[in-house]
Amino acid sequence: RQIGRWCGKHKIALTGHMLLEQSLKTQINCVGACMPHYEHMQWPGIDILTDQDNELITAKQCSSVADQMGRPRVLSELYGCTGWDWPLEGHKFVGDWQFATGVNFRCPHLTHFSLAGGAKRDYPASIFSHSPWWPYYGVVEDYFARLSLALTQGQPVRDVLVVHPVESGWATAFLAGERSLLPEMDDALDKLTRTLSDEHYDWDFADESILASHGKVDTKGLKVGRLTYKLAIVPPSVTLRKTTVDLLTALQAKGGSVLFVGRRPGLVDAEPGEAIDTLIAASQTCDSVESVTSAIEPLLARRVSVTESGRELTCVWTMLRKLDRGNLLFIQSHDRAAGHRAQVSVAAGGPVVLWDAQTGERTRVDAKVTGKGPGAQARFELDLPPTGSAVVTLGLSVPEAAEPQPATSVAAETALAGPFDIQRTEPNTMPLDYCRYSFGDEPFSDHMPTLKADTEIRARFGLGPRLGRGHQPWYLYAEGTVDTAPRGHCRLRFGFHVTDLPRICRLGIERPEDYTITVNGRGAAEPTGFWVDEDIRTIDITALLVEGDNEVLLTMDYRPDMELEDLYLIGEFGAALREGDTPSPGMMTLVAPPSRLALGSWVGQGLDFYGGAVRYRLSVRKAPGQRVRIRLPGVSATAVVVHAGGKEFVLPWAPMEVELTDALADGDNAVTLEVIGGRKNILGPMHVPWQAWTGPTHFDPNHKDWTEHYQLVDHGLTEAVIVEEIR
């Protein structure tokens, strides 16, 4: 409150997020309760980490208060900990489900100023030129710019209010063992809220402190700030405030409904009281979360229904908004594997117009509208592809909207199964991430990860953890508090094998000025460029390489502020297994660069560690008057771009298909599929199996799942490209 008032006085928006918002247990331990804080933030916010959709509660706690208090923005810091190989489809999915719950403003995590030292491991990926999909990221930002604009128009229409049980959590949080009800309450609250969203009863939370100061009842229902609700649901709880009991009692008296689900509260203000028993006796009850839908249906008609095969499509969430002259509906599918033909029914009038947030196009929707005014009902169908979403307006005049296009049919198709001529968009790479170290003239150590060598060297000199852990190095340098005194002579030896001498090979290294660098005993030249990041400098070592075993030797006077990092080979070569059957440090060799690729992963085809994009070259024939569509039923990529006839078609997510008719001439045409990969196979983590959370510990050789074998992700065309003649 104090900070919010100061910001308001100085015309500044207070934003950000609370710590550990997602459950009763975590927020009680960290902030007491999240929702009371949001009332005093101009742009209240949350933090959603990793690629997931299991924090509905986190999002709704924030958006409920924001919508009730009339705040224009609900911020989400999102995309953190997702890793260097995360696809643009994930950017859409994680943003979409939050926008369906009331978020309308993204704070993407993160853009790195530098990848030097531990930065490349700092909860990647970097939303910047470090990532190979960056040239096309405008597609994502344009999509969310349009969606943000749409979902800040008017105000949401929600009939259901869920009384947040955090104060019941206070009553039980510190009871030991089986006496604590927090796990039971957390589980029940998660199931209840997901059921409401899955069944298309849009809802908000009510914090009891906000209810006490902003709640009132009239003939329209229970009003909290600017929103009014017809049905109040009390989830499994222990206690309610007297002010809450009074409001729920008044709601019943005015014709509204109250539903108690599961464990009934027996206390008022944490004390026994008859008022709660009287309220429960006059209310609707159901004994379990599993039966809540059947309990709600007699009490409240759905404003929005989304069905498939006659049943509510529970993988879809919706948000209905009331505009000045109509309504807006946002529909979002959680199904990332399959598409759906959804039947939609909305308590609203026509016309119905589909607004494509990816392209900006507007198209009329064939809809059956019955009734007028408050009794109007619009029914129509929508195709939702995997990770699909739709913005639909109802009742708004949109004269520029195009007429619905007839469904296409496939007259013939051709499968292109390769092998394909290819071109890389950047040099190939291979990591040198294992080394041996030596102090002075002592023998070299065993073969080990570079980061482990760094730790052992620091221990030898009696030094603690690296400078960058929990500190901003630039600040420490500016303050003169960094220890830069040399501790002793040290050497690092990185070995690698060459079968075919490359036409170009550069060494990628950080802070080359800290070392004397030799390759096969010959001094290396000065850096002349950089790779991916300006702090990863490149040195041409082409002329220093030999067939067979090669060695890069770094000699230094070790200082406490040094960060020993992996090296990289960068250039015109392929990477192949020399020994064994699994890519591993020391078992790889440089070979001739691949000029063709078969269907399947790049791994095993010379591009095991490649982190850029590959352009597959196709020939597509078009007959006069023919319409042609290209479809990619199997592709592993962060995004795909189709190049044809001087035009560019970005496919950031499903459907992975595009009509090329206007870009093709009659006869044979050159078409290029740019399949964009990710940096995980070169920047890591390369020795820990893929996990949903990617953070600094996953790059640590002490991680419990560390393995010497490389754990590589697959990119490439995995199934034949389908060229369709359509009508």
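The values are calculated or read from the model by the stated rules, or taken from the named source; none is laboratory data. Please read these numbers as outputs of a predicted model, since none were measured by experiment. All Cβ positions, even for glycine, are placed from backbone atoms using ideal geometry, and neighbour counts span all protein chains on display. For accessibility, only protein heavy atoms count, side chains too; no ligands or nucleic acids. Shrake-Rupley method; radii C 1.70, N 1.55, O 1.52, S 1.80 Å.
Only one of the numbered conditions (1) small (Gly, Ala, Ser); (2) open to solvent by 20 Å² or more (accessible area, probe 1.4 Å); (3) within 26 Å of GLY117 (Cα to Cα) is not met by SER438, and that is (2). If you go through segment 682-719 and keep only what is open to solvent by less than 20 Å² (accessible area, probe 1.4 Å) and small (Gly, Ala, Ser), you end up with GLY684, GLY695, GLY716. Counting only strands (runs of 3 or more DSSP E) that sit completely within segment 610-658, those holding 2 or more residues that are under 30 Å from MET588 (Cβ atoms) and either in contact with a helix residue (DSSP H, G or I) (Cβ under 7 Å, 6 or more places away or on another chain) or not β-branched (Val, Ile, Thr) (or both) correspond to 613-622, 639-644. Residues that are exposed (fewer than 15 other Cβ atoms within 10 Å of the Cβ) and closer than 19 Å to ALA613 by Cα within segment 136-176 comprise just one, GLY138. Taken over segment 417-426, the criterion of being open to solvent by less than 50 Å² (accessible area, probe 1.4 Å) and either outside any strand (DSSP E or B) or within 20 Å of LEU149 (Cβ to Cβ) (or both) is satisfied by GLY418, GLU426.
Counting only strands (runs of 3 or more DSSP E) wholly contained in segment 455-568, the ones carrying 1 or more residues that are among the charged types (D, E, K, R) occupy 488-498, 505-510, 533-540, 548-558.
Contact map, segment 489-509: first residue closer than 15 Å to ILE539 by Cβ, second residue open to solvent by 60 Å² or more (accessible area, probe 1.4 Å) and of a type outside the set (Asp, Glu), Cβ cut-off under 7 Å, separation 6 or more or different chains; pairs are ILE509/ARG537. Taking helices (runs of 4 or more DSSP H) as the structural unit, no element lying wholly within segment 160-258 holds at least 1 residues that are at positive phi, among the acidic types (Asp, Glu) and modelled with pLDDT of 95 or more.
When segment 441-450 is filtered for residues that are in contact with a Lys or Arg (Cβ under 9 Å, 6 or more places away or on another chain), surrounded by 16 or more Cβ atoms within 10 Å (Cβ to Cβ) and within 24 Å of LEU590 (Cβ to Cβ), only MET448 remains.
If the condition is being more than 20 Å from GLY16 (Cβ to Cβ) and either part of a helix (DSSP H, G or I) or open to solvent by less than 10 Å² (accessible area, probe 1.4 Å) (or both), then segment 39-95 contributes LEU56, THR82, GLY83, TRP84, LEU88, GLU89, GLY90, HIS91, LYS92, PHE93. Could we say that ALA390 is within 32 Å of the chain's Cα centre (by Cα), among the aliphatic types (A, V, I, L, M) and part of a strand (DSSP E or B) here? Answer is yes for this residue. Residues in segment 550-585 that are charged (D, E, K, R) and surrounded by 20 or more Cβ atoms within 10 Å (Cβ to Cβ): GLU565, ASP566.
Checked against the criterion of being under 32 Å from the mean Cα position of the chain (by Cα), closer than 30 Å to ASN29 by Cα and not polar (S, T, N, Q), segment 236-256 contains one or more residues that satisfy it. If only residues of segment 359-416 that are aliphatic (A, V, I, L, M) and within 22 Å of GLU724 (Cβ to Cβ) are counted, the one that is most open to solvent (accessible area, probe 1.4 Å) is ALA407. Quick check on my filter: what residues within segment 531-546 are open to solvent by 40 Å² or more (accessible area, probe 1.4 Å) and of a type in the set (Val, Ile, Thr)? The one that is open to solvent by 40 Å² or more (accessible area, probe 1.4 Å) and of a type in the set (Val, Ile, Thr): VAL546. Check whether at least one residue in segment 204-222 is in contact with a helix residue (DSSP H, G or I) (Cβ under 9 Å, 6 or more places away or on another chain), over 28 Å from ASP324 (Cα atoms), surrounded by fewer than 18 Cβ atoms within 10 Å (Cβ to Cβ) and not polar (S, T, N, Q), and report yes or no. The answer is yes; a qualifying residue exists.
Please go through segment 291-309 and pick out each residue that is part of a strand (DSSP E or B), without any contact (Cβ under 8 Å) to a residue 40 or more places away in the chain and open to solvent by less than 30 Å² (accessible area, probe 1.4 Å). THR307 - this is the single residue of segment 291-309 that is part of a strand (DSSP E or B), without any contact (Cβ under 8 Å) to a residue 40 or more places away in the chain and open to solvent by less than 30 Å² (accessible area, probe 1.4 Å).
Scanning segment 8-60 for residues that are hydroxyl-bearing (Ser, Thr, Tyr), farther than 24 Å from HIS334 by Cβ and touching a Phe, Trp or Tyr at 6+ places or on another chain (Cβ under 8 Å) gives a single hit, THR15.
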